[in-house]
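The values are calculated or read from the model by the stated rules, or taken from the named source; none is laboratory data. In this text, all values refer to a predicted model and were calculated from it rather than measured experimentally. Note that each Cβ is placed from the backbone with ideal geometry, even for glycine, and that neighbours are counted across all protein chains shown.
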Amino acid sequence: MMKPVKIVLTGAESTGKSTLSQSLANHYNGLWMPELAREYVQHIDHRYNYHDIEAIARGQIENERKLSAESGLVFFDTWLIITKVWFDFVYGKHPGWLHGEIAKSDVDIFLLCDIDLPWTPDPLRENGGENRKKLHDIYQSELLHYGFDFDIVKGEGKKRLDNAISIIENKINMIKKGTE
């Protein structure tokens, strides 16, 4: 039985993850998993806290577990790496169980969105300027720490989408060769 091909977009705020993941899902007629954190935070009546982020992480895990082989290509607009970095950056700690969930991941393709897009203010965004560069470097370090193979997606608009498609095509071909 085939498993879904999981493709995660990660990176600092305002790097086009939502637009790109949705465009990729449309291009491949795949499943788009929107950013759970944004939806969650928009619907609470207080400033988010540690327990809210933990609820978001558990929700991300639950959504991923619900996928079936018929899901085909699944594009995640953010994932547990972002949630771990969010914990660490804001609170200086994360739940002990989170490391294990990340380490046992079966994500097939990681795309790290570069910070080459202009910062776009948004009521939920907190980390522009120097923090944006710092967070980009942290995401890259986390991917390396866990031993995940990843590619950096660059460019604006259609060029960014075309770069991501090219990376995905190469990775899918490698996955297919590995199963033959």
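Restricting I44, I109 to those that are out of contact with any Ser or Thr (no Cβ under 9 Å at 6 or more places or on another chain), surrounded by fewer than 17 Cβ atoms within 10 Å (Cβ to Cβ) and hydrophobic (A, V, I, L, M, F, W, C) reduces the list to I44.
Taken together, L80, L111, L135, L144 contain a single residue that is more than 21 Å from L36 (Cα to Cα), under 17 Å from the mean Cα position of the chain (by Cα) and aliphatic (A, V, I, L, M), which is L144. Tallying residues that are surrounded by fewer than 15 Cβ atoms within 10 Å (Cβ to Cβ), in contact with a His (Cβ under 8 Å, 6 or more places away or on another chain) and not acidic (D, E) within the range 85-103 yields 0. Could you check the range 147-159 and list, in sequence order, the residues that are within 12 Å of T15 (Cβ to Cβ) and more than 16 Å from the chain's Cα centre (by Cα)? Across the range 147-159, the qualifying residues are G155, E156. Closer than 21 Å to D137 by Cβ and among the hydrophobic types (A, V, I, L, M, F, W, C): does that describe L20? Yes.
Quickly run through the range 138-180 and pick out the residues that are in a helix (DSSP H, G or I), farther than 16 Å from H99 by Cα and of a type in the set (D, E). Listed by number, the residues that qualify are D162, E169.
For beta carbons closer than 7 Å, sequence separation of 6+ or different chains, a first residue in the range 32-52 that is within 30 Å of E70 (Cβ to Cβ) and a second that is aromatic (F, W, Y) and part of a strand (DSSP E or B), the qualifying pairs are W32/F75; M33/F75; M33/F76. Scanning the range 30-45 for residues that are closer than 23 Å to S105 by Cα and outside any helix (DSSP H, G or I), we see that the one that is farthest from the chain's Cα centre (by Cα) is G30. Based on what the data block shows, is W119 of a type in the set (F, W, Y), closer than 18 Å to S18 by Cβ, crowded, with 20+ Cβ neighbours inside 10 Å and modelled with pLDDT under 95? For W119, the condition - of a type in the set (F, W, Y), closer than 18 Å to S18 by Cβ, crowded, with 20+ Cβ neighbours inside 10 Å and modelled with pLDDT under 95 - is not met.
Listed by position, the helices (runs of 4 or more DSSP H) enclosed by the range 46-123 that each have at least 2 residues that are hydrophobic (A, V, I, L, M, F, W, C) and in contact with a strand residue (DSSP E or B) (Cβ under 9 Å, 6 or more places away or on another chain) are 80-91. Is there a residue being crowded, with 16+ Cβ neighbours inside 10 Å, more than 20 Å from R160 (Cβ to Cβ) and within 17 Å of the chain's Cα centre (by Cα) anywhere in the range 7-29? No: zero hits.
Which ones in the range 12-23 are over 16 Å from V107 (Cα atoms) and either assigned to a helix (DSSP H, G or I) or in contact with a strand residue (DSSP E or B) (Cβ under 8 Å, 6 or more places away or on another chain) (or both)? Residues satisfying the conditions are A12, T15, G16, K17, S18, T19, L20, Q22, S23.
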